[in-house]
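Worksheet for the structure shown next.
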Amino acid sequence: MAQGCTADSWENVFTSAAKPNLNNCSGVRFSGTVRFGNFDSDFTLPGGLVKPSGIRNATLHNVTVGDNCLIENISNYIANYEIGEGTYIENADLIFTDGLSSFGNGVKVSVLNETGGREVSIYEGMSAQVAYIMAMYRHLPAVIERLEALCDEYVKTHSSAVGRIGSHVHIRNVRYIHGVRIGDYAVLSGVNRLRNGTIVSNVDAPVCISHGVIADDFIICSGSMVEDNTTISRCFVGQSCILGHGYTASDSLFFSNCQGENGEACAIFAGPFTVTHHKSTLLIAGLFSFMNAGSGSNQSNHMYKLGPIHQGILERGAKTASDSYILWPSRVGAFSLVMGRHVNHSDTTSLPFSYLIEQQNTTYLVPGVNLRSVGTIRDAQKWPKRDKRTDKVKLDSINYNLLSPFTVQKMLKGIQLLHNLQYSSGELSDEYSYHSAKIRNSSLRNGIKLYETACTKFFGNSVIKKLENLPAGASDAQIREALLPETPKGLGNWVDISGLIAPKAEVESLLDALSAGKIGLEAFGDAFREMHAHYYTYEWTWVYEHFEEFFGIAPDKVTGADIIAIVERWKEAVIGLDRMLYEDAKKEFSLAAMTGFGADGTKVEKEQDFEHVRGDFDTNPFANAVLKHIEDKRALGDELISRLKS
């Protein structure tokens, strides 16, 4: 009473402190059952201001407060919460849990189809792979039914009438928090509204939510940042994502390392490394991963008939140029670039690494040309470096390989497809038609060459890696033994499960075990991570299966001379692709690229201005890395040849 504190019943106010420092409690109204611990430490704020722990100017109803917390200036009240030790809460309006809450777990997100049919029930530990199965495997109703039942069980075990704010959390200047579970070390500053959600924060990967954010029915995973007037509704935000600068999203899933700024998302499945930065960009009803959306990119998911029921897929690594437009349904092959407006529902999944270019309302397809683009290689190199996940548990399995059984099987099919087009329409045709797109004669022939070169590089890489420990002077029998697969797993088609590249047969086997009730939700997610760990073992099984088809030699009859010929062919392919990349990079240092430099000077001043800003080509790190790659690969091939010849 001396400190201005009141209670409905002092018999329901408890402290765990042996010698409670009640001087640090002032102006507090205790309601219901309240428990608090010691107040022995101080908080040092930015700028050097020091505040002692305690509870001041607050109303608490059914609240448990850990040791050494500071709760100050709560204009309304905090109700039905457990607060961990060392947590700082200042200038909050209302924080409460009202009745039984699942804290965002079990919220159904109508991804890809706004009208329903692909709902994903989100939960704290969900990975991109589990969500992909929920959304995309609707042709297996037993699997979906089992997953939904497991999610319901998860929701029941994680529901409570008491919310939790973890240890060492900082909450400042927030207005409204209702039914939100907040993990350790989270930082909430200037938040407008959080309702029915979970913030999965921890000491290794804190979550930061700040300044004007509104979030309803959500899960935000470790290491993520949501800030600057972002609004999300019915969304899952994966590990180490960034949403900011007024971004808005509804019914969408964002997985590891996604970035969304300025623009808008509706019903999208954003696999790892989906990036959109521009205010005029709308992503809607699409499946993406490793994708970069250019400014003004847009898609339509309805044709003014039965509503927004159409969807589209941009396979891994696809990009959209500025002001591009795609009318769903469409499917764009892996690592392709979309430029212009496309309304003809193209399907280029069997022709990856392509350009889709619009000319006079016609879609022109340039197969394989992205294989020689320096931008494609730069992207492949930057993704692993930009993985910002610091959590010890990484939910999503991410394979960064540009060439894999997933893309190579498509290129092998693409080679056959292009040959068939050539045969059916004649080798002298000016243009060929494929899935509402046009392919020019020269583009078709170049596409075949590029696909063959890339496949040679992939198969050669695998062979050299497999024989890296082969002793000098090995016999043909030793070579054949060294080439034998370690496992039968890896045969057949491969799939990309939102970042995970895996044999389809292994995925189907896992789904059979799930639908039979042999594994639970946590084990289901772990199984995908186990597949990811064995990728290279499975990859070699696939290579061995296609060895004779590609090289024309049965692997159980191969000789040292055959391997030498394969390595020579591989060297030619690798060096040839690298030289194309080198020439493509050189274009960035041409006279045309200097336009806008040396604005008020002569040609010499233009070149000097360009060099001081961009450097010169001979010292460019990427160009030098390509040259070094050529020498390293040549040396690697020569070393194996030398061992075989000896």
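Just so you know, all these numbers are worked out from the coordinates, no wet-lab data involved. All of these numbers come straight from a predicted model, not from anything done at the bench. All Cβ positions, even for glycine, are placed from backbone atoms using ideal geometry, and neighbour counts span all protein chains on display.
Relative to the longest principal axis of the Cα atoms of the chain, the long axis of helix 504-515 makes an angle of roughly 30 degrees. Electrostatic tally near Asn68: other residues with Cβ closer than 13 Å to its Cβ, Lys and Arg +1, Asp and Glu -1, net -3.
A 29 angstrom limit on the alpha carbon distance is what I want to check against. Which of Lys410/Lys571; Lys382/Lys571; Lys465/Lys557; Lys385/Lys633; Lys279/Lys504 exceed it? Numbers along the way, then the final one.
Details: Lys410/Lys571 22 Å; Lys382/Lys571 25 Å; Lys465/Lys557 19 Å; Lys385/Lys633 22 Å; Lys279/Lys504 38 Å.
Flagged as over cut-off: Lys279/Lys504.
Close amide H contacts of Phe597 (hydrogens built in the peptide plane, cut-off under 5 Å, sequence separation of 5 or more or a different chain): none are found.
Relative to the longest principal axis of the Cα atoms of the chain, the long axis of helix 405-425 lies at roughly 50 degrees.
Please give the charge dipole size of the chain, origin at the Cα centre, charges +1 on K and R Cβ atoms and -1 on D and E Cβ atoms. Round to the nearest 20 debye.
Working: 60 positive and 73 negative charges, 102 e Å.
In debye, rounded to 20, the chain gives about 500.
Return the distance in nm (one decimal) between the two label points of a simple spin-label model at Leu627 and Ser159, each offset 7 Å from Cα along Cα→Cβ. Distance between label points: 6.7 nm. The Kirkwood hydrodynamic radius of the chain, based on inverse pair distances between different Cα atoms, is 27.8 Å.
Amide H contacts for His534 (H built 1.01 Å from N in the peptide plane; partners 5 or more residues away or on another chain; cut-off under 5 Å): none found.
Dipole magnitude for the range 38-135: computed about the Cα centre from +1 point charges on Lys and Arg Cβ and -1 point charges on Asp and Glu Cβ, it is near 280 debye. Nearest 10 degrees is fine. How inclined is helix 560-586 to the longest principal axis of the chain, computing both from alpha carbons? The answer is roughly 70 degrees.
Couplings for the range 322-331, taken from phi via the Karplus curve 6.51 cos²θ - 1.76 cosθ + 1.60 with θ = phi - 60°, read 4, 6, 7, 8, 10, 8, 5, x, 8, 9 Hz in order; Gly and Pro are left as x.
Positive end of the dipole of the chain (Cβ unit charges, origin at the Cα centre): among Ser424, Ala131, Ala502, the Cα lying farthest that way belongs to Ser424. In the chain, a dipole from Cβ-located charges (positive for Lys and Arg, negative for Asp and Glu) runs towards its positive end, and of Ile199, Cys266, Gly212 it is Cys266 whose Cα lies farthest in that direction.
Sorting 463-471, 425-433 by their mean Cβ neighbour count within 10 Å, with the most densely packed peptide first, gives 463-471, 425-433.
Computed on the chain, with alpha-carbon pairs under 8 angstrom and 6+ residues apart, the relative contact order is 7 percent. A straight Cα-to-Cα reach below 13 Å connects Lys51 with the aspartates and glutamates Asp40, Asp42, Glu72, Glu90, residues fewer than 8 places away in its own chain not being considered. Less than 5 angstrom separates the built amide H of Asp40 from those of Asn68, all sequence-distant by 5 or more or on a different chain. Rounded to whole numbers, the Karplus 3J(HN,Hα) couplings from phi for the range 262-274 are 6, x, 9, 10, 9, 6, 9, 10, 9, x, x, 6, 7 Hz, using 6.51 cos²θ - 1.76 cosθ + 1.60 with θ = phi - 60°, and x at Gly and Pro. For Lys438, a cut-off of 17 angstrom between C-alpha atoms picks up these aspartates and glutamates, skipping any fewer than 8 places away in its own chain: Asp347, Glu358, Glu427, Asp430.
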